[in-house]
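Okay, so here's the structure we're looking at.
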Amino acid sequence: MLRLLRSSLLGMLACCAWQPAMAQTPSAASAQAEGQIRVVPAENVRIEYAQVLKVEPVYQTLRATRTEERCESTPVIQVPVPDEHREQPGVFSRMVDSVKGLFAREEEAPQPAPVAATPARRNANCQLVQVDRQFQRPIAYDVDYVYKGTKYRSRLAEDPGNRLRIRVAVTPMVAEAAPVSP
């Protein structure tokens, strides 16, 4: 009993699944009965070369902003500061220097007085500034080419050079047959 129930259930399930599938595709018997046989023509394909006339790059514009620190600097001028507390040589020291100069073999050049100067500093007026930059990069190429006297235009990913390899496919145009009325 259980076996009979299983086989009938499987039969019904197969019948339900088979019915919609057969309704969508006409069977060969029904097509022959109507007198129509559909033949799918084979596509004739070959590779040829076309002459490139013009190539124009298509650019993508990228914008970037970054923050930079810009400073306006004003240099400080060094000003010699006189040393007011330096002592002037007296009579006794001048006399000793002249006697010392007589016995010295080499003449010493007088050394300039040291000048006290303020160190050079820069006043910095710094502020953060946004700098906009623009970049362009080619993303495609619009190519004008001629094949057997007819001009074509295509957008390609790469620059093809002076010759473009093309795929030529020829398929016959088949008119649909008008349905026959009974």
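The values are calculated or read from the model by the stated rules, or taken from the named source; none is laboratory data. For clarity, every value in this text was computed on a predicted model and none was experimentally measured. Cβ placement follows ideal geometry from the backbone for every residue including glycine, while neighbour counts extend to all protein chains displayed. Protein only, heavy atoms only, side chains kept; ligands, DNA and RNA dropped before computing areas. Shrake-Rupley method; radii C 1.70, N 1.55, O 1.52, S 1.80 Å.
Name every residue in the stretch 128-139 that is of a type in the set (A, V, I, L, M) and open to solvent by less than 100 Å² (accessible area, probe 1.4 Å), in order of residue number. Please lay out each step first, then the result.
Step one: of the stretch 128-139, the residues of a type in the set (A, V, I, L, M) are 128-129, 131, 139.
Answer for the stretch 128-139, where residues must be of a type in the set (A, V, I, L, M) and open to solvent by less than 100 Å² (accessible area, probe 1.4 Å): 129, 131, 139.
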Practice problem: Return the total of residues in the stretch 126-158 being closer than 22 Å to residue 59 by Cβ and of a type in the set (Phe, Trp, Tyr). | Solution: 3
Quiz prompt | Checklist (1) exposed (fewer than 10 other Cβ atoms within 10 Å of the Cβ); (2) more than 30 Å from residue 40 (Cβ to Cβ); (3) at pLDDT 70 or above applied to residue 100, failing item | solution = (1)
Quiz item: Within the stretch 140-180, which residues are farther than 30 Å from residue 40 by Cβ, open to solvent by 60 Å² or more (accessible area, probe 1.4 Å) and part of a strand (DSSP E or B)?
Solution: 151, 153, 155, 163
